Protein chains: 4
Amino acid sequence: MNRIPVAILGATGTVGQVLAVRLAEHPWFVPVALVGGSRSAGHRYGDIVRWRQAGPVPPSLAQLVVQDMAPRDVPLAFSALSRDVAAGVEPVLARAGVVTISNASAHRMDNDVPLVIPEVNADHLALMHQQAGRWPGIIATNPNCVTAALALALAPLHRAFGLERVVITTLQAASGAGYPGVPSLDLLGNVLPFIEGEEEKISRELNRLLGTLSSGGVEPAGIRVGVHATRVPTVDGHVMTVSAGFQRRVTATEAGEALRRWRPPAEARRLPSTPIEPLALHDQSDRPQPRLDLSLGNGMTVSVGRIRECPVLDVRLVVLGHNLVRGAAGAAIQLGELAALQHPELAALLDVRHRWTDG
Amino acid sequence: MNRIPVAILGATGTVGQVLAVRLAEHPWFVPVALVGGSRSAGHRYGDIVRWRQAGPVPPSLAQLVVQDMAPRDVPLAFSALSRDVAAGVEPVLARAGVVTISNASAHRMDNDVPLVIPEVNADHLALMHQQAGRWPGIIATNPNCVTAALALALAPLHRAFGLERVVITTLQAASGAGYPGVPSLDLLGNVLPFIEGEEEKISRELNRLLGTLSSGGVEPAGIRVGVHATRVPTVDGHVMTVSAGFQRRVTATEAGEALRRWRPPAEARRLPSTPIEPLALHDQSDRPQPRLDLSLGNGMTVSVGRIRECPVLDVRLVVLGHNLVRGAAGAAIQLGELAALQHPELAALLDVRHRWTDG
Amino acid sequence: MNRIPVAILGATGTVGQVLAVRLAEHPWFVPVALVGGSRSAGHRYGDIVRWRQAGPVPPSLAQLVVQDMAPRDVPLAFSALSRDVAAGVEPVLARAGVVTISNASAHRMDNDVPLVIPEVNADHLALMHQQAGRWPGIIATNPNCVTAALALALAPLHRAFGLERVVITTLQAASGAGYPGVPSLDLLGNVLPFIEGEEEKISRELNRLLGTLSSGGVEPAGIRVGVHATRVPTVDGHVMTVSAGFQRRVTATEAGEALRRWRPPAEARRLPSTPIEPLALHDQSDRPQPRLDLSLGNGMTVSVGRIRECPVLDVRLVVLGHNLVRGAAGAAIQLGELAALQHPELAALLDVRHRWTDG
Amino acid sequence: MNRIPVAILGATGTVGQVLAVRLAEHPWFVPVALVGGSRSAGHRYGDIVRWRQAGPVPPSLAQLVVQDMAPRDVPLAFSALSRDVAAGVEPVLARAGVVTISNASAHRMDNDVPLVIPEVNADHLALMHQQAGRWPGIIATNPNCVTAALALALAPLHRAFGLERVVITTLQAASGAGYPGVPSLDLLGNVLPFIEGEEEKISRELNRLLGTLSSGGVEPAGIRVGVHATRVPTVDGHVMTVSAGFQRRVTATEAGEALRRWRPPAEARRLPSTPIEPLALHDQSDRPQPRLDLSLGNGMTVSVGRIRECPVLDVRLVVLGHNLVRGAAGAAIQLGELAALQHPELAALLDVRHRWTDG
């Protein structure tokens, strides 16, 4: 069986470690290069990484020597770089012909860079072909950790009823800020009512994800999005409260049915990372909770609960997603899978059986 | 100097303990009777109370023997009883002629029972006279722990611009659920997206507090209120994110100015529990925070921050209030102070100097 | 393949739920009866259990109707009952001929009741035959959640050098107290320096586990044990700091070697629940940590770190164990496995292949 | 009334802020100079400090412009510098004739530098005169945040019975590591079993504090000290479990009486920062707790509880101290007060009344 050799950029960080764990056992990909900062380069990954995952460093990766230059000879790279570093490095890879799947926000809003959740807007990946004038490779991006879960939960409602306005409060976990991230003195027993740049990012990305692919790029969905982003003392898992208003009056029952009826499109279903149930609807009034519901679908399932009417807009609900999986590493890998099927050169590398199997 | 003898009902509970601490040193009141459950009755307060406050049990109260019957011979009682117990006990007191200030929700929505925040709707206290047909005493109530802070922050905006719609997410602390309250297994590193009955309560009480006193009672303000109530792992201090829409388009600058200009009415300013600054406006983007801002105004100051425009409604802001002080014990005491000035028999007991001094 | 039908007593509690998860997929056992309190009895397990595990209720158990009487017609029962209930119920089962593996402390110190960790003192299980005069069945017990990990870490040192004195401080997690257990107001950002009965229990059980089987029962090991038991705001995982003194002066190097050399006895190795590595030795100075090291060996591995000399006794070290797995449900199941091999009637039920395979 | 002008070195840090709050209202001292890093220098303290205390920046200090050079023209300076910076800066001050009270560990073990807790070893301050050959000023130091509380709790027992051996486990709060200190991802719901350098420091300092002043310096007490230092998810307040062995067998009753009988020496009692009760003995089995007992004596009281016999050594007990107050800022100020009485030039600056009044 053929697997595509891949590189992990930013392999020692919080998201990079989750990429490492999940790619080490991936059916289609095999990590062959780990890229880290100058402090790590030249050392074995297992020796230099400050490992913070449950379970050990994957043995197949522990022995790899960390590089400080992104390798240009892999067909596919996953980037967990910080925004600033990604801004410089990712174009270098694209120029070298690499398909670069990025978790960074640096290029998410570029006109010709796809921002994609396979269950939501797989068709947007076609934008990648518009990069042909810039470089032989491509950059494709997954959304911010909040937007990833939010857009998946709202897409079925938007398709059914036309989302016009949404007020969101996020209760985000510590791991969303990376490591070292937030000092414990700021977060123990506290709420931080501000996360730099987050509210604007969520609004922009949600509109792009739910927008329409056109000849010139993506036409944003035109949804008015009012976000309150907060940080709370949880480790993993972002909770969002959502009040949504639609083109016509929508009841809680209608919203629940639309969510329950929704099925991911065929091109998403065949990806190994797409869970059987991308959306889990909870009936108990006190769910979803980060402690209890994060592991659903191996971290790729987004939970929705408390669907009820809103006295101000139409419908209220609560959304929970695993910020490191559905909101970062898992999202990038799933997008890489979609690219592996749709990008001609990657597809050629994959065993032909994969391409025609519903994963 | 004359002080009014008062009783504390529910004196061993979370709110009762804060009442005890704050009444033990009150300039106008002196606790003479502590009422507790049958398990506590007959024991000295200092021996039986499971004390959870910083600092010791006030020595003047430690020696008092806890009673299981509400005393009918005090002119003023503060009730921190649970809703169900309050429903039965408070009318008994009122029938005995006692002025009963209640933190319980049992009678808050009774047509002739005032629900009052002195800085917001001191005039509503006049409703107490409508109870004359029921009993010689009165029942007056302070709002729920969230609404107390929320209504104080929104009142200046409502007066200035006419609040029509508001979407609120609360991030409530553990102490809001009393003791034992929420099991630590449910709250450590977790978010609970549901608090029984809380969302409806906030909507009802906010509309009553901001409503208009009329001959027949209080005309609710008619504000559409959509609440998401959550519990987060903080000890004290409820945070609320607020998106507010008004009768006309209001900018963040206008909202900030209205809040900055606002001064509490004269009848509130003369109460010992009214802080110099009932509303504190924070300019730093990461404030208010429970850890840093709860002690302002001895717990009676409500913090407001992050005033900015809302893409969906008009204005977004963050509110923080101390749930046990501004939201419970402090609120009741402050209302008791207002009653002490406005209720003829209590006023007669107070040294005349108080009545004419701006406290 | 034959599996032994088993009952779970106390199936709705914290430990009972972990028993349910782990027994639902067990190679040797199949749960056929779930016993709960009168509130649960008569309802389907999936409907009545307040489920607090990651992942759903095992489908094979969700449909079972909870009983309030312990079934007397199963050959094997796992008891996660509280001490008081266990004191009455477990003898009833034993009288009915059931092999009862108990996580409760009620009978742990009975002269003829084995208290066993298979890797430590599998031979003590022979004590079960001394119950023949009392009843046809047997009661066998696993230790308290702290002692389970502690005894496993200390056994190799005791065998090698003769443990004489040990000073221990425990930093125990919330889940050790069951549900609802410790109120969040007591534990958020706090340390509780006392756990009722815990210190004595650890001392007694450690001496019994490391004691010698004799004709009359178990001769305690005679180790002087000084414990400080504390509760800290973690969810799962008990940490213990240990200072140990031996019959002769022992260096940290010697202690490390003894732990590294140690292998579980053959009768423990063939049990499905015995991890490949029952003891994991950590070299990094800041390990073990509950967050990072609890999942080793599927929760059955005990972590040991920071082995260094002690200026007062001989050696200092830090031990970490998963209180719900190695310290409760996993320990009971592992002991049930040992009983399944050694108890004639259970062994007869098991497919003969199991009995001669090294698991 | 004369107050001594003082400087605060490291005024923007965690300990520096507590120094600022407590010195701003001090009866004997008045802060006139605030020294910070190059990033802060030249800005007003109120503008540049990342303030993390409850309540506002003291108005009298908010307007001071932060300096980056330690001022040589104040008679008294309090240093909250990091060890490395203190190593260079504090001798410069001493050479300029300044009495420098240091919370840093840089010079604590210098032969001629006093390490003093006024209630424990006020006589050691006389060591300061041995610095005369080095410089006209002096350096005097307070102990590490753990040792400060520990030594105060153990001193009465050492004086009464002769402490020989002690095994200690610390459960230290986040604020002990300063700001930003420990990342929240490391501490939320976790225990860190290691704090760099802490165990050795506690052993050395405890022996110096309880040692004997001799002509050549301080003769260490010769106590064998085995420490396990851990970090737990609390904000403020270090808990220590202690097993202590003495020259003769000591019972828990004797230990309790020795602690109860103990009174601070006269020279400590006259200091404004010495609480009425430097040691508080708790009788309830579940005390002391950080949440409930840290504010005793305005943070300067050390709590002792759970005094009971130890099966290994003689006596077990639990100690709690406020690491930022009794363990840092408060300790330095109290030591500065002692120096203000005993150092001739400082004493001359103080109003003569102070010197003869029992504070």
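Which of the residues that make up region C:163-182 are over 21 Å from D:Leu171 (Cβ atoms) and part of a strand (DSSP E or B)? Scanning region C:163-182 gives C:Leu163, C:Glu164, C:Arg165. Kindly evaluate A:Ala104 against the criterion of being part of a loop (DSSP other than H, G, I, E, B) and in the same structural domain as A:Thr14 (by TED's automatic domain parsing). For A:Ala104, the condition - part of a loop (DSSP other than H, G, I, E, B) and in the same structural domain as A:Thr14 (by TED's automatic domain parsing) - is met.
Return the only residue of B:Thr230, B:Thr234 being in a strand (DSSP E or B), under 24 Å from C:Pro233 (Cβ atoms) and not charged (D, E, K, R).
Just a single option satisfies the conditions, and that option is B:Thr230.
Taking the listed residues C:Ala41, C:Ala104, C:Ala24, the one that is among the small types (Gly, Ala, Ser), touching a Leu at 6+ places or on another chain (Cβ under 6 Å) and surrounded by fewer than 18 Cβ atoms within 10 Å (Cβ to Cβ) is C:Ala24, with no other qualifying.
Out of all the residues in region A:86-136, which are of a type in the set (D, E, K, R) and free of Cβ contacts under 8 Å to residues at least 40 places away in the same chain?
Initially, region A:86-136 is screened for residues of a type in the set (D, E, K, R), giving A:90, A:95, A:108, A:110, A:112, A:119, A:123, A:134.
Hit for region A:86-136 is A:Asp110, nothing else.
In the condition set (1) without any contact (Cβ under 8 Å) to a residue 60 or more places away in the chain; (2) in a strand (DSSP E or B); (3) under 23 Å from B:Arg134 (Cβ atoms), B:Ala7 is compliant with all but (1).
Does C:Glu164 fit the bill of being surrounded by fewer than 19 Cβ atoms within 10 Å (Cβ to Cβ), within 14 Å of another protein chain (Cβ to nearest Cβ) and farther than 19 Å from C:Arg316 by Cβ? So C:Glu164 does not fit the description; no. Considering region B:191-203, the residues that are surrounded by 18 or more Cβ atoms within 10 Å (Cβ to Cβ) and not in a helix (DSSP H, G or I) include one that is nearest to the chain's Cα centre (by Cα), namely B:Ile195.
Assessment of region A:246-258 against the conditions (over 22 Å from B:Thr234 (Cα atoms) and within 22 Å of the chain's Cα centre (by Cα)) yields no matching residue. Every condition in (1) among the polar types (S, T, N, Q); (2) surrounded by 21 or more Cβ atoms within 10 Å (Cβ to Cβ); (3) more than 22 Å from D:Asn142 (Cα to Cα) holds for D:Thr230 except the one numbered (3).
A residue that is at pLDDT 95 or above, out of contact with any strand residue (DSSP E or B) (no Cβ under 9 Å at 6 or more places or on another chain) and under 26 Å from D:Ser214 (Cα atoms) cannot be found anywhere in region D:100-110. Checking A:Ala54, A:Ala140 one by one, the residue that is out of contact with any Asp or Glu (no Cβ under 6 Å at 6 or more places or on another chain), among the small types (Gly, Ala, Ser) and in a loop (DSSP other than H, G, I, E, B) is A:Ala54 and no other. Evaluation of D:Gly197 against the conditions (1) away from every other protein chain (no Cβ under 14 Å); (2) free of Cβ contacts under 8 Å to residues at least 12 places away in the same chain shows that the sole unmet condition is (1).
Scanning region A:57-85 for residues being free of Cβ contacts under 8 Å to residues at least 24 places away in the same chain and either closer than 18 Å to A:Leu324 by Cα or in a helix (DSSP H, G or I) (or both) gives a total of 4. Among the residues that make up region D:86-98, is at least one of them within 22 Å of D:Thr147 (Cβ to Cβ) and touching a strand residue (DSSP E or B) at 6+ places or on another chain (Cβ under 7 Å)? The answer is yes; a qualifying residue exists. Of the strands (runs of 3 or more DSSP E) lying entirely inside region A:239-321, the ones with 2 or more residues being facing chain B (nearest Cβ under 8 Å) and in contact with a strand residue (DSSP E or B) (Cβ under 7 Å, 6 or more places away or on another chain) are found at A:302-309, A:315-321. All of C:Leu213, C:Leu185, C:Leu206 fail the test of being crowded, with 22+ Cβ neighbours inside 10 Å, more than 9 Å from chain D (Cβ to nearest Cβ) and either modelled with pLDDT of 95 or more or not in a loop (DSSP other than H, G, I, E, B) (or both), apart from C:Leu206. A:Asn298 meets each of the listed conditions (1) under 30 Å from C:Asp47 (Cβ atoms); (2) at pLDDT below 95; (3) not charged (D, E, K, R) apart from (2). In region B:216-227, the residue that is nearest to the other protein chains (Cβ to nearest Cβ) out of those that are part of a strand (DSSP E or B) and buried (at least 21 other Cβ atoms within 10 Å of the Cβ) is B:Gly226. Looking across region A:13-47, the residues that are more than 14 Å from chain D (Cβ to nearest Cβ) and touching a Lys or Arg at 6+ places or on another chain (Cβ under 8 Å) come down to A:His26, A:Pro27, A:Trp28, A:Phe29, A:Val30. Which one is nearest to C:His282 (Cα to Cα) among residues in region C:167-182 that are buried (at least 21 other Cβ atoms within 10 Å of the Cβ) and touching a Gly at 6+ places or on another chain (Cβ under 8 Å)? That would be C:Ile168.
The values are calculated or read from the model by the stated rules, or taken from the named source; none is laboratory data. All values derive from a computational prediction rather than experimental measurement. With ideal geometry, Cβ positions are generated from the backbone for all residues, glycine too; neighbour counts draw on all protein chains shown.
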